[in-house]
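Single-structure report; data block below.
The values are calculated or read from the model by the stated rules, or taken from the named source; none is laboratory data. Computed from a predicted model, the values in this text were never measured in an experiment. Using ideal geometry, Cβ is built from the backbone for each residue, glycine included, and neighbour counts are taken over all protein chains shown.
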Amino acid sequence: MKGRPLSTRAILPAAFALVVLGGWYGIVLALETPAYLLPAPHEVLAAGRAEGAALAAAAITTGSAALLGLILSAGAGFFLAVLLAASPGTHRTLYPYVLLLQTVPVVILTPILVLWLGPGLPSVTAVTFLITFFPVTSNTLEGLRSTPHSMIDLFRVYDAGRMQEMMRLRIPWALPHYLSGLRIAASLAPIGAIAGEFFAGSGGTGGGGLGYRVIVYFSRHETAALFAAGLTACGLGFAFVGAVALLARFALRHWHESAKPRD
């Protein structure tokens, strides 16, 4: 069955957005909140227009570091998951340290990374990598370890080696899980880059990234511009997640239920 037309699928999100905007205006008017506490939507829009060039340049800077960190985590997370799934001994030895790395607060690791790597792009990329690495590794490992035993037994009946079993059975089976983890990592990548910029400075040259813009707007008490920066970061996250969603659709469209259109 064919999925609903795009126009139909867009009605509910658009309607919900109108409800949110109406509630926002209602709070501002009913409570008479000053603009420095809660600006009205049109004030945020005006600030976005006024700061459009600066926010666009900042988004490119932050997006570059976020993309680099995401690419590194996509490759390293997949490789480590395959390594952990291939050997129970390796899994028992390394996985606790993977969990340990994930549980250490990034606000503690970031200053250490700045000392080791220096300020700017290397440290921002490293912070993004640390934040996005675990979802990719964990989801991929779950997919590799959830391969049905009946299919594994079938491969072994036909004398398939462990490499063939991994390449032709386990990895294809884990691909949807890997892409799901990559989608989560994509949503976290801009957050990681912005968090890194708070400690490590800009990930590039020029006027700095979104983290730098947030610091500037906060120091000036420009709340509307802060909201505009937040919306810019949301747009960056949507772009990352959308790109991974397109990748998943391309990779899974012919054989996996998750990529088939629904009513």
For segment 57-74, pairs from a residue that is within 15 Å of Ala126 (Cβ to Cβ) and touching a residue at least 12 places away in the same chain (Cβ under 8 Å) to a residue that is in a helix (DSSP H, G or I) and among the acidic types (Asp, Glu), with Cβ under 8 Å and 6 or more apart or across chains, are Thr62/Glu197; Ala65/Glu197
Taking segment 77-110 on its own, how many of its residues are over 24 Å from Gly211 (Cβ atoms) and either of a type in the set (A, V, I, L, M) or outside any helix (DSSP H, G or I) (or both)?
12
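So that you can scan it fast, the table gives a plain yes or no per residue for (1) surrounded by fewer than 15 Cβ atoms within 10 Å (Cβ to Cβ); (2) among the acidic types (Asp, Glu); (3) within 18 Å of the chain's Cα centre (by Cα):
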| residue | (1), (2), (3) |
| --- | --- |
| Leu109 | no, no, no |
| Leu113 | no, no, no |
| Pro122 | no, no, no |
| Val127 | no, no, yes |
| Thr132 | no, no, yes |
| Leu144 | no, no, no |
| Pro148 | yes, no, no |
| Met151 | yes, no, no |
Look through Ala195, Ala189 and report the one residue that is under 30 Å from Ala50 (Cα atoms), at pLDDT 95 or above, aliphatic (A, V, I, L, M) and part of a helix (DSSP H, G or I).
Ala189
Looking at Ala225, Ala195, Ala186, which is the one that is under 24 Å from the mean Cα position of the chain (by Cα), in contact (Cβ under 8 Å) with a residue 60 or more places away in the chain and closer than 30 Å to Ala86 by Cα?
Ala186
Please determine, by comparing only the residues of segment 1-27 that are outside any helix (DSSP H, G or I) and over 24 Å from the mean Cα position of the chain (by Cα), which one is modelled with the lowest pLDDT.
Met1
Within segment 124-138, track down each residue that is of a type outside the set (Phe, Trp, Tyr) and in contact with a Ser or Thr (Cβ under 6 Å, 6 or more places away or on another chain).
Val127, Thr132, Val136
Filter pass, Val127 being within 28 Å of Gly201 (Cα to Cα) and in contact with a Leu (Cβ under 7 Å, 6 or more places away or on another chain)
yes
Within segment 122-158, restricting to residues that are modelled with pLDDT under 90, part of a helix (DSSP H, G or I) and not basic (Lys, Arg), the one that is farthest from Ala76 (Cα to Cα) is Val157
Any pair with Cβ under 8 angstrom, 6 or more apart, that starts in segment 17-43 at a residue that is more than 14 Å from Ala225 (Cβ to Cβ) and ends at one that is assigned to a loop (DSSP other than H, G, I, E, B) and of a type in the set (D, E, K, R)
none
Kindly indicate whether Arg249 is at pLDDT below 95 and more than 19 Å from Thr137 (Cα to Cα).
yes
